Amino acid sequence: MKTTNMVLCGLGGQGILFMTKVLARTALTRGMNVMGAETHGMAQRGGSVISHLRLGDVNRSLVNAGACQHLLALEKHEAYRNLPFLAPGSQLYVNSGENSFPDERVRSYLEEKQIQCRTVDASNIALELKAPMAVNLALIGFMSASSASPFSTEEIRATIDAVSPDRFKPTNFKVFDAGAAAG
């Protein structure tokens, strides 16, 4: 079974742990082995939160530098901070306004490593739908629409249905679907 390494990063309160739960449960539903680890730092004060998610034939929970195939960043500075995790030819999904990522100084590094960088203003998507706390769902929806995504939009949507409290489901689906449409 092939190994897929993912790193999810952002700031405390942005929903990194919920994103990790959704993606891990999606993998489990598919019958994949799952290992993960989170570092919370000063999460309650808006500090860095990083989640490592390893799927497939794995025997440890942390992703090595240069071994991550999918990095999802809910904040562009966290994307910059976690670039060393990305493997050549990997996928980078960043919540960032139009043309604000990557910085010109980083663009050549991404091109040299053949890292596909995809940006979406997930914050704006969630805000327009009056769900500013659901930026995480907009970003995983955006990722799910990519042909490189390890999971289909339908698989992730089914997991969101399974893990979301009933009162949040309509909003969660709306934001996720809008993120997928942006992809």
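The values are calculated or read from the model by the stated rules, or taken from the named source; none is laboratory data. Just so it is clear, the structure is predicted and the values come from calculations on it, not from any experiment. Cβ coordinates were reconstructed from backbone atoms using ideal geometry, including for glycine residues, and neighbour counts include every protein chain displayed.
Determine whether region 93-113 contains at least one residue that is on the phi < 0 side of the Ramachandran plot and in contact (Cβ under 8 Å) with a residue 40 or more places away in the chain.
Looking for residues that are on the phi < 0 side of the Ramachandran plot and in contact (Cβ under 8 Å) with a residue 40 or more places away in the chain, one finds at least one in region 93-113, hence yes.
Need pairs with beta-carbon distance below 8 Å; first residue among the charged types (D, E, K, R) and within region 13-33, second modelled with pLDDT of 95 or more and buried (at least 20 other Cβ atoms within 10 Å of the Cβ); sequence gap 6+ or separate chains.
Arg25/Thr159; Arg30/Phe151
Select, from Phe142, Phe151, Phe176, the only residue that is crowded, with 17+ Cβ neighbours inside 10 Å, at pLDDT 95 or above, assigned to a helix (DSSP H, G or I) and out of contact with any Phe, Trp or Tyr (no Cβ under 8 Å at 6 or more places or on another chain).
One residue alone meets the criteria, Phe176.
What is the residue count in region 70-84 for residues that are in a helix (DSSP H, G or I), more than 17 Å from Gln114 (Cα to Cα) and touching a residue at least 24 places away in the same chain (Cβ under 8 Å)?
Residues meeting the conditions: 3.
Any residue at all in region 98-114 that is at pLDDT 95 or above, within 22 Å of Gly15 (Cα to Cα) and of a type in the set (A, V, I, L, M, F, W, C)?
Within region 98-114 (the criterion being at pLDDT 95 or above, within 22 Å of Gly15 (Cα to Cα) and of a type in the set (A, V, I, L, M, F, W, C)), the answer is no, since none of the residues qualifies.
What pairs can you find where one residue is in region 41-63 and at pLDDT below 85, the other is assigned to a strand (DSSP E or B) and of a type outside the set (S, T, N, Q), and their Cβ atoms are less than 7 Å apart, with a gap of 6+ or different chains?
Hits for this filter: Gly41/Val49; Ala43/Val49; Gly46/Leu11; Gly47/Leu11.
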